[in-house]
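Contents: one structure, followed by commentary.
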Amino acid sequence: MKHATATSRPLPIVVLLSGSGSNLQAIIDRIAEGKLNAEIMAVISNKADAYGLERARKAGIPTELIEHSQFDNRESFDAQLIKTIDKYQPELIVLAGFMRILTNQFVDHYYGRMINIHPSLLPRHRGLHTHRRVLEAGDSEHGLSIHFVSSELDGGPVILQTRVPVLADDNEETLALRVLTREHQSYPEVIQWIAENRLQLSGDQVLLDGKPI
Ligand code: GAR
């Protein structure tokens with residue numbers, strides 16, 4: 001991945017989401033503060049009631065709704081998604097709570113240009129309800145992972161992991177909030193690395209400033 005004019009032109013990104021969009025909001029806010037040199041070309045959701053769409057509208061960002069329930073199968077949904085995303089010519093696809101299993105066709109199309117954030121220290125706790133599962137497992141630490149997307153569910157080369165402690169009196173909500181707060185810091189930071197051309201994917205190896213991460 002090479003962003004040609006990183007020092008001047010903002011990195012064009014498209015954000016995909018299914019829910020609240022608090023990570024989208026963090027990205028919008030960092031851009032507004034001048035700390036993230038990116039431009040959100042569009043926000044795309046598979047859910048009409050995703051609050052993230054509302055956040056995008058409020059920020060004047062184009063939105064697209066592609067409801068998976070309107071498609072016969074994953075292949076045709078993903079094909080429509082590709083068509084819609086590519087209209088905006090993004091250099092990076094940002095999955096921010098996009099709760100869909102993706103086809104290989106989709107993942108291959110964007111390999112090395114698509115990142116995801118997941119609320120666990122991968123490879124631990126892929127999938128849903130990660131905070132509950134951390135508590136059930138009695139883990140002493142938890143956190144988040146940001147990774148390039150591969151065809152594995154919540155898998156692919158890891159870019160950054162941020163750890164938080166699990167406290168004795170934690171419940172699902174307190175733990176979720178601790179992780180989410182760190183997500184809002186870490187995701188814009190990683191996108192800024194990409195905007196500055198500091199991040200490369202060489203095979204399955206992630207390099208930051210030319211060095212393995
Ligand atoms: C975030 O916690 C994100 O890590 C998670 O969904 C939440 C979306 O929150 N993603 C996954 O679980 C992906 N497997 P948001 O809509 O408020 O940004």
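What follows draws every value from the coordinates through simple rules; no lab data is involved. Note that the structure is a prediction, hence the values are computed from the model and not measured. Because the Cβ atoms are built from the backbone with ideal geometry, glycine has one as well, and the counts that use them run over all protein chains shown.
Structural remarks
- Top of Lys47, Lys58, Lys35 by mean-square fluctuation, Gaussian network on the chain, Cα under 10 Å: Lys58
- Multiplying the residue separation of Gln89 and Ser20 by 0.36 nm and removing their Cα-Cα distance gives an extension gain of 22.4 nm.
- The gain in end-to-end length when the Ser8 to Gln80 segment is fully stretched comes to 22.7 nm, 0.36 nm per residue minus the alpha carbon separation.
- Evaluated with a Cβ-only charge set (Lys, Arg +1; Asp, Glu -1), the chain carries a dipole of roughly 440 debye about its Cα centre, given to the nearest 20.
- With a threshold of 22 Å on the Cα-Cα distance, the over-threshold entries among Lys58/Lys83; Lys47/Lys87; Lys47/Lys83 are Lys58/Lys83.
- If R0 is taken as 25 Å, the Cβ-Cβ distance between Asp204 and Ala137 corresponds to a FRET efficiency of 0.35.
- Cα shape, the chain, gyration tensor, a/c 1.5 rule: rounded
- Rounded, prolate or oblate (a/c below 1.5 giving rounded, otherwise prolate when a/b exceeds b/c) for the range 1-125 by Cα gyration tensor: rounded
- The range 159-173 - phi-based ³J(HN,Hα) in whole Hz, Karplus 6.51/-1.76/1.60, Gly and Pro as x: 9, 8, 10, 10, 9, 10, x, 9, 9, 4, 9, 5, 10, 4, 5
- Computed E for Glu189/Val158 - FRET, C-beta separation, R0 22 angstrom, nearest 0.05: 0.90
- Computed over the range 122-213, the P(r) curve from all C-alpha pair distances, binned at 5 Å from the origin, holds 3, 13, 22, 22, 17, 12, 8, 3, 0 percent per bin.
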